[in-house]
Amino acid sequence: MSPLANHTFWKMNGAGNEIVVVDLRASSHVVTAAEARAIAAAEGSHFDQMMVLHKPRTPGTECFIRIYNTDGSEAGACGNGTRCVAWVLMDGSDRKTLTVETRAGLLACRRMGETQFSVDMGEPKFGWQDIPLAEEFRDTRAIELQIGPIDAPILHSPSVVSVGNPHAIFWVDDPYAYDLPKIGPMLENHPIFPDRANISLAAVKSRDHIVLWVWERGAGITRACGSAACATLVSAARTKRTDRAATVSLPGGELHIEWRDDNHIIMTGPTELEHVGTFDAALFADAA
Ligand SMILES: N[C@@H](CCC[C@H](N)C(=O)O)C(=O)O
């Protein structure tokens with residue numbers, strides 16, 4: 001029987017970003033890419049990201065989280081999913097704070113309201129090797145990358161940054177005027193991004209408001225991407241397009257992002273529980 005069978009899971013969303021949380025702290029099983037794809041494909045457990053909780057690796061943390069995309073690949077950061085995990089772990093207690101760990105490091109979470117949570121997403125990395133890019137760019141506020149005709153590019157000169165995962169942000173007037181489902185996969189897999197990248201189209205509406213549409217690495221179009229909202233705000237502030245705090249409007253909802261003076265990015269937004277369930281062992285019969 002699959003080690004995931006009979007484990008309770010939570011189907012949630014964070015501002016519309018489809019999240020499944022699975023608690024494997026009592027197990028040593030590590031979900032395979034094939035299992036993750038099978039869970040994503042099954043009715044009732046579709047996800048953009050699956051947050052699998054494992055035993056803590058660092059004293060003072062609640063768990064180590066493995067983050068899976070729909071295609072089975074693993075990500076270092078997932079802002080919307082981390083808020084969902086915070087709710088699951090604080091549920092039924094009067095706790096207001098806790099710390100979890102992902103591949104990208106320790107993340108402090110805070111309850112701001114019944115279903116509103118903040119996550120300290122850590123510090124952005126702007127160096128080309130840290131993002132990573134395949135070749136040296138001294139200035140990552142705008143890199144030479146374009147698609148479309150050379151003399152009339154459709155999109156060009158994105159800002160690039162890592163917030164635990166790689167992001168490219170193209171500045172546009174209207175994100176929804178572009179065919180992102182078609183353009184997204186080309187840019188996600190562009191050779192300049194050796195680890196692929198999350199691709200955002202961002203329209204700056206004012207010094208404190210950005211409209212954002214995201215093609216996610218490993219998941220495609222999603223209704224919200226917390227790390228993309230963080231990546232976009234720091235890139236907007238770094239290029240003087242906005243101040244250091246803004247509301248980011250995504251198809252599924254709004255996130256508030258602040259890039260504090262101590263260089264940490266604080267993301268605040270909603271979570272929603274859709275249903276609780278258990279996995280069917282048959283799901284994994286062919287997947288392992
Ligand atoms: N939706 C997430 C980001 C998920 C990770 C991404 N697809 C990647 O592989 O980098 C969020 O809310 O941050």
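The values are calculated or read from the model by the stated rules, or taken from the named source; none is laboratory data. Not measured: the values here are computed from a predicted model. Note: ideal-geometry Cβ built from the backbone for every residue, glycine included; neighbour counts use all protein chains shown. Accessible surface areas use protein heavy atoms only, side chains included; no ligands, DNA or RNA. Shrake-Rupley method; radii C 1.70, N 1.55, O 1.52, S 1.80 Å.
Is at least one residue of the stretch 21-43 among the polar types (S, T, N, Q) and under 22 Å from Gly252 (Cβ atoms)?
The answer is no, given that none of the residues of the stretch 21-43 is among the polar types (S, T, N, Q) and under 22 Å from Gly252 (Cβ atoms).
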- Task: Restricting attention to the stretch 79-94, report how many residues are within 16 Å of the ligand (Cβ to nearest atom) and within 16 Å of Phe9 (Cβ to Cβ).
- Result: 5
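Quick grid of which residues meet (1) crowded, with 24+ Cβ neighbours inside 10 Å; (2) assigned to a loop (DSSP other than H, G, I, E, B); (3) in the same structural domain as Gly16 (by the TED database):
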| site | (1), (2), (3) |
| --- | --- |
| Ile183 | no, no, no |
| Pro194 | no, yes, no |
| Lys205 | no, no, no |
| Gly218 | no, yes, no |
| Ala229 | yes, no, no |
| Ser235 | yes, no, no |
- Item | Residue list for the stretch 137-152, restricted to those being assigned to a loop (DSSP other than H, G, I, E, B), open to solvent by less than 100 Å² (accessible area, probe 1.4 Å) and modelled with pLDDT of 95 or more | Phe137, Asp139, Thr140, Ala142, Ile143, Leu145
- Evaluate the stretch 134-141: report whether one residue or more is away from the ligand (no atom under 16 Å from the Cβ), in the same structural domain as Tyr178 (by the TED database) and of a type in the set (A, V, I, L, M, F, W, C). yes
- Query: Given the conditions (1) open to solvent by 10 Å² or more (accessible area, probe 1.4 Å); (2) outside any loop (DSSP other than H, G, I, E, B); (3) not small (Gly, Ala, Ser), which single one is not true for Val100?
  - Reply: (1)
- Query: For Thr82, all conditions in the list (1) polar (S, T, N, Q); (2) within 13 Å of Val119 (Cβ to Cβ); (3) surrounded by fewer than 24 Cβ atoms within 10 Å (Cβ to Cβ) hold save one; what is the number of the exception?
  - Reply: (3)
- Query: Are any residues in the stretch 107-118 more than 16 Å from the ligand (Cβ to nearest atom) and open to solvent by 60 Å² or more (accessible area, probe 1.4 Å), and if so, which ones?
  - Reply: Arg110, Met112, Glu114
- Item | One residue from Leu201, Leu212 being in contact with a helix residue (DSSP H, G or I) (Cβ under 7 Å, 6 or more places away or on another chain), in a strand (DSSP E or B) and within 15 Å of the ligand (Cβ to nearest atom) | Leu212
- Task: Please find, within the stretch 159-181, the residue that is surrounded by the most Cβ atoms within 10 Å (Cβ to Cβ) out of those that are without any contact (Cβ under 8 Å) to a residue 40 or more places away in the chain and either among the basic types (Lys, Arg) or part of a loop (DSSP other than H, G, I, E, B) (or both).
- Result: Val172
- Of all residues in the stretch 41-64 being in a loop (DSSP other than H, G, I, E, B) and within 16 Å of the ligand (Cβ to nearest atom), which is most open to solvent (accessible area, probe 1.4 Å)? His46
- Message: Restricting to the stretch 121-130, name every residue that is surrounded by 13 or more Cβ atoms within 10 Å (Cβ to Cβ) and either among the small types (Gly, Ala, Ser) or free of Cβ contacts under 8 Å to residues at least 60 places away in the same chain (or both).
- Response: Gly122, Lys125, Gly127, Trp128, Asp130
